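Working notes, structure below.
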Amino acid sequence: MGKGVAYSTTEAVHLLNVRAEGMSALAGEPDHFARRFRAEGGDPTGFAQRRFFARYLAEILDEAIASGCVELVAATAVAAGFNGDDWRITFDDGSSLEASVLVLAVGNQEPESLSAFANVGSRFIRNPWGAAARKAIETIVQTGEAALMVGTGLTMVDLALSLDAAGYQGRMVALSRRGLAPRSHADFDPAPVERDEVPSGGVRALWRWLRKRSAQVGWRAAIDSLRPHSHHLWQSLDSKEQQRFLRHARPWWDVHRHRIAPEVAATIAGMVADGRLEIVAGRIVSAREANRGLEVDYRRRASSTIRSERFAYAFNCTGPLHSIERSKDPLLRSLLDAEQVRPDHLGIGLEIDGTCRAGEHLWAMGPLTKGRYWEIIAVPDIREQAAAVADDIAKELKQ
């Protein structure tokens, strides 16, 4: 309970992507986690293991349970309905409960399958965080056969680290349209800016400003200076401009904004240098089962030549689902199908108002609210959102 996908890992090689000093779970106490990490001998300016952060979250949850105000239910919510006064939530074991308000805090959705691998059976691992992925990793560690990772972002980094830590000596190919991998954190001098110094309302103007500012103060300082203004900047873009960002700028933004720990970057760089990991810009043309594995045809960017290669497994590392209408989450499906919630204008999350309300006595948090906020998936953002939602619920229940 409380760990989610990111913090359920037990592997020491999986580190936080934010320095410990920025990972407090509590709004109003920015050094809450840093104090805990320091007490265990950690450096607050360093990057804690994700399993350590999971223990930290568990301690907070245990305190909430001990207060008598929190009760855990070990079941999967499969449906919810509002009767005008209360919500009734139904679980997969047939039980149900009623609540005055409902908060959707389900995190990232599992990735959907990729069309090129529609008919290849179990050799394509759709969910890289599931049991099938763990079994596939165990298999190729033993056999040393090649592995294909479709996607070159943070999910690819996690998978490559897991394989390396398990002693895998085979060949890994990571492929995406642009072949962009997450950049590394590094020390820099902050260069804050006021909101009115940054152009708003258009992607092109903002991108030009960012390139110019990066040349002046460094790209890390330039990008981080936008953090306090990210919600305003996103909301200053109309729907057409937001779609333009998603289409053209997002891959570049993601690899610079969502950086990895220096030691993680060094490990990935070492794997590339040793020839164990190849990061490729290209497209999958087709895939088919062949000789207890997969034969995959792909074309490198700017090349007309199609290359065929055999892999024991292909892992979907394209990241979480980005289309809420395609969600297979039973609770979200029940709400969407009953039109008790609506997709946002981009189709990437739920439509919410300025207080994160998605409906009557209904709130949404985290990735479900990306359409309105965009930068709302990191702990520093979500802790503030959680506090604001809690305040709004308290006001609602007092009416």
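The values are calculated or read from the model by the stated rules, or taken from the named source; none is laboratory data. Keep in mind the model is a prediction, meaning the values are calculated, not measured. Cβ placement follows ideal geometry from the backbone for every residue including glycine, while neighbour counts extend to all protein chains displayed. Ligands, DNA and RNA are stripped out before the accessible areas are found, and what is left, the full protein with its side chains, is counted by its heavy atoms. Shrake-Rupley method; radii C 1.70, N 1.55, O 1.52, S 1.80 Å.
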**Prompt:** Which residue out of Gly107, Gly68, Gly28, Gly121 is open to solvent by less than 40 Å² (accessible area, probe 1.4 Å) and not aliphatic (A, V, I, L, M)?
**Reply:** Gly107
**Request:** Taking Val198 as meeting all but one of (1) out of contact with any strand residue (DSSP E or B) (no Cβ under 8 Å at 6 or more places or on another chain); (2) touching a residue at least 40 places away in the same chain (Cβ under 8 Å); (3) within 30 Å of Leu210 (Cβ to Cβ); (4) open to solvent by less than 20 Å² (accessible area, probe 1.4 Å), write down the number of the exception.
**Result:** (2)
**Fill in**
Exactly one of Ala269, Ala191, Ala261 is open to solvent by 30 Å² or more (accessible area, probe 1.4 Å) and under 30 Å from Ala20 (Cβ atoms), and that residue is Ala269
**Complete:** Looking across the stretch 12-59 at residues that are touching a Leu at 6+ places or on another chain (Cβ under 8 Å) and aliphatic (A, V, I, L, M), the single one that is farthest from Ile377 (Cα to Cα) is Val13
**Request:** Identify, by number, the condition in (1) open to solvent by less than 40 Å² (accessible area, probe 1.4 Å); (2) under 30 Å from Ile140 (Cα atoms); (3) in contact with a helix residue (DSSP H, G or I) (Cβ under 8 Å, 6 or more places away or on another chain); (4) among the β-branched types (Val, Ile, Thr) that Val255 doesn't meet.
**Result:** (3)
**Request:** Only residues in the stretch 1-16 that are part of a loop (DSSP other than H, G, I, E, B) count as the first member; pair them with residues that are polar (S, T, N, Q), Cβ under 7 angstrom, at least 6 apart or cross-chain, and list the lot.
**Result:** Val5/Asn108; Glu11/Ser162; Ala12/Gln49; His14/Gln49
**Item:** Residue tally, condition more than 13 Å from Ala80 (Cα to Cα) and not in a loop (DSSP other than H, G, I, E, B), over the stretch 337-362
**Value:** 4
**Asked** Restricting to the stretch 358-373, what's the tally of residues that are in contact with a strand residue (DSSP E or B) (Cβ under 8 Å, 6 or more places away or on another chain) and under 20 Å from Glu396 (Cβ atoms)?
**Response** 10
**Message:** Considering only residues that are under 28 Å from Tyr313 (Cα atoms), free of Cβ contacts under 8 Å to residues at least 60 places away in the same chain and of a type outside the set (Gly, Ala, Ser), which ones fall in the stretch 251-292?
**Reply:** Val272, Asp274, Asn291, Arg292
**Message:** Among the residues of the stretch 371-382, what is the count of those that are part of a helix (DSSP H, G or I) and in contact with a Phe, Trp or Tyr (Cβ under 9 Å, 6 or more places away or on another chain)?
**Reply:** 4
**Item:** Positions within the stretch 129-145 being open to solvent by less than 20 Å² (accessible area, probe 1.4 Å) and either over 14 Å from Leu294 (Cα atoms) or touching a Lys or Arg at 6+ places or on another chain (Cβ under 7 Å) (or both), in sequence order
**Value:** Gly130, Ala133
**Residues that are open to solvent by 50 Å² or more (accessible area, probe 1.4 Å) and under 26 Å from the mean Cα position of the chain (by Cα), drawn from the stretch 71-91** = Leu72, Val73, Ala74, Thr76
**helices (runs of 4 or more DSSP H) enclosed by the stretch 226-315 - at least 2 residues per element that are within 22 Å of the chain's Cα centre (by Cα) and small (Gly, Ala, Ser)** = 262-273
**Asked** Restricting attention to the stretch 323-331, does a residue exist that is closer than 28 Å to Gly153 by Cα, open to solvent by 20 Å² or more (accessible area, probe 1.4 Å) and either assigned to a strand (DSSP E or B) or in contact with a Phe, Trp or Tyr (Cβ under 6 Å, 6 or more places away or on another chain) (or both)?
**Response** no
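Looking at the stretch 50-59 only, could you name the residues that are in contact (Cβ under 8 Å) with a residue 40 or more places away in the chain and surrounded by 15 or more Cβ atoms within 10 Å (Cβ to Cβ)?
Arg50, Arg51, Phe53, Ala54, Leu57
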**Message:** Being at pLDDT 95 or above, surrounded by 17 or more Cβ atoms within 10 Å (Cβ to Cβ), touching a strand residue (DSSP E or B) at 6+ places or on another chain (Cβ under 6 Å) and under 26 Å from Arg257 (Cα atoms): is that true of Phe47 here?
**Reply:** yes
**Total residues in the stretch 334-357, condition open to solvent by less than 30 Å² (accessible area, probe 1.4 Å), closer than 18 Å to His231 by Cα and touching a strand residue (DSSP E or B) at 6+ places or on another chain (Cβ under 7 Å)** = 4
